[in-house]
Amino acid sequence: MRYLYVLLVICTAFNQQPTWRKIQINGKAQGTTYHITWYAQDSTIGQPQIDSILAKIDTSLSIYNPFSLISRFNDSASFVIMDTHMRNVIERSIDTYRQTGGIFDITVEPLVQAWGFGPKKMTGLPDSATIKKLKACVGSNNLVLKGTMLHKLKPCIKIDVNGIAQGYSVDVVANYLEAHGIRNYLVEIGGEIRVKGHKQPGGEKMKIGIEAPGDNDFELTMISKIVAVDSGAITTSGSYRKFYESEGKKISHLIDPRTGYPSQNELISVTVFARDAITADAYDNALMVMGLKRAMQFVEKRKDMAAHFIYRTSKGAVADTASSRFYKLLQPQ
């Protein structure tokens, strides 16, 4: 009788379904908001741990923190000793610079500042002479990695990793969750997203909406497409995300390092899907600057990413298209 009781207990234990909890943490960091959702039976992770991770990244990568490692490098005439966060981001930034033929370039900081998108307040638009002078200080080929040291070949070289750091931050938080045994989650920081696993219970894939711009390219209206994935990252870059008006012109934050001027082409927004958020975040800006034809060709040659494009046609209408691999991610509507 005793053995029958033990057998019944074992069978009951195997037949019990796990009790899933939906756990959410929302907060503010890096000048924006973050939202983290995961499904678990129990969790010891709380907001203090997440805030501590993001604060640590800021001490390394924020150009708005005058004491960060990046700020110290920008103020230096020669080099700085990097921490792990800075090294990871710089290595990936240099690789993306090479892969995009210089279109993605973190040394664009002097131009970003001149156009009014840096920490210092600017009055008026830069003239052609200023742009020409600043372009001499742009080019990631002027960055040299030696062990833990980052050197600059010109004293005027300064870097801005805002085009990649938020994606990296998403990955760091996601990796932290996984290190604590969490297998079903969604991490979002400033609109940059990484997911893994499924909603619980039920096993439904995570769904992510893609923003659609308004009639004038600088306003948001609604969710235009829905992507369903169980692993990977999605980020979006768009001319409507950061801009200002000056002298009757709308100035976008997307600066083309080749010309020194804000990018101008038919693209309104680019959404990139990749294995991790640092990859998606780095390439969404670069694809925006490339223009539709070159960006589509670039993505179709890569097996590690897919992209969705919203653009304005020659007749002024708003249209969208996507790479072949991205269409497979879309939910039927």
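The values are calculated or read from the model by the stated rules, or taken from the named source; none is laboratory data. On a predicted model such as this, the values are computed, not experimentally measured, just so you know. Cβ: placed from backbone, ideal geometry, glycine included. Neighbour counts: every protein chain shown. Heavy atoms of the whole protein, side chains included, go into the accessibility calculation; ligands, DNA and RNA do not. Shrake-Rupley method; radii C 1.70, N 1.55, O 1.52, S 1.80 Å.
How many times 2.2 N^0.38 Å is the alpha carbon radius of gyration of the chain?
1.12
Extension gain for the segment residue 84 to residue 207, taken as residue separation times 0.36 nm less the Cα-Cα distance, is 41.1 nm to one decimal. Please give the FRET efficiency for residue 21 paired with residue 231, using the beta carbon to beta carbon distance and R0 = 22 Å, rounded to the nearest 0.05. After rounding, the FRET efficiency stands at 0.55. Ligands, DNA and RNA are left out, and with a 1.4 angstrom probe the accessible area of the chain is 50 Å² per residue.
What share of Cα pairs, in percent, lie more than 15 angstrom apart in segment 96-155? Roughly 58 percent, rounded to a whole number. What translational diffusion coefficient, in µm²/s and rounded to a whole number, does the Stokes-Einstein relation yield for segment 67-128 at 10 °C and a viscosity of 1.306 mPa s, taking the hydrodynamic radius as the Kirkwood radius over Cα pairs? Stokes-Einstein gives a translational diffusion coefficient of 118 µm²/s. Shape verdict for segment 79-229, please, from the Cα gyration tensor: rounded (a/c under 1.5), prolate (a/b greater than b/c) or oblate. Oblate, because a/c is 1.5 or more while a/b does not exceed b/c.
Restricting the calculation to Cα atoms, segment 280-333 yields a radius of gyration followed by a Dmax of 11.6, 33 Å.
Of the trypsin sites (Lys or Arg not before Pro) found in segment 106-160, those that fall in a DSSP loop while having at most 16 other beta-carbon atoms within 10 Å are 120, 121.
Report the Stokes-Einstein translational diffusion coefficient (µm² s⁻¹, integer) for segment 124-163, Rh taken as the Kirkwood radius over Cα pairs, at 37 °C with viscosity 0.692 mPa s. Each step should come with its number before you reach the end.
Numbers: Rh = 11.8 Å.
Answer from the Stokes-Einstein relation: 279 µm²/s.
Quick one: which of 22/225; 56/158; 56/133 span more than 31 angstrom between C-alpha atoms? Exceeds cut-off: 56/133. Eigenvalues of the alpha-carbon gyration tensor of segment 244-333, scaled by 5 and square-rooted, set the equivalent ellipsoid semi-axes at 24, 16, 12 angstrom, largest first.
In the chain, a dipole from Cβ-located charges (positive for Lys and Arg, negative for Asp and Glu) runs towards its positive end, and of 329, 99, 282 it is 99 whose Cα lies farthest in that direction.
This model, with +1 at the C-beta of Lys and Arg and -1 at the C-beta of Asp and Glu, gives segment 255-321 a dipole about its Cα centre of some 260 debye.
Using a 1.4 Å probe on the protein heavy atoms, what percent of the accessible area of the chain belongs to carbon and sulfur? Summing carbon and sulfur atoms, their accessible area is 53 percent of the total for the chain.
Working from label points 7 Å from Cα in the Cα-to-Cβ sense, the residue 141 to residue 32 distance is 3.2 nm. From helices alone, the chain scores -10000 deg cm²/dmol at 222 nm; the rule is -39500 (n - 2.57) for each run of n ≥ 4 DSSP H residues, then divide by the residue total. Given a 1.4 Å probe and the protein chains as shown, residue 127 ends up with an accessible area of around 90 Å².
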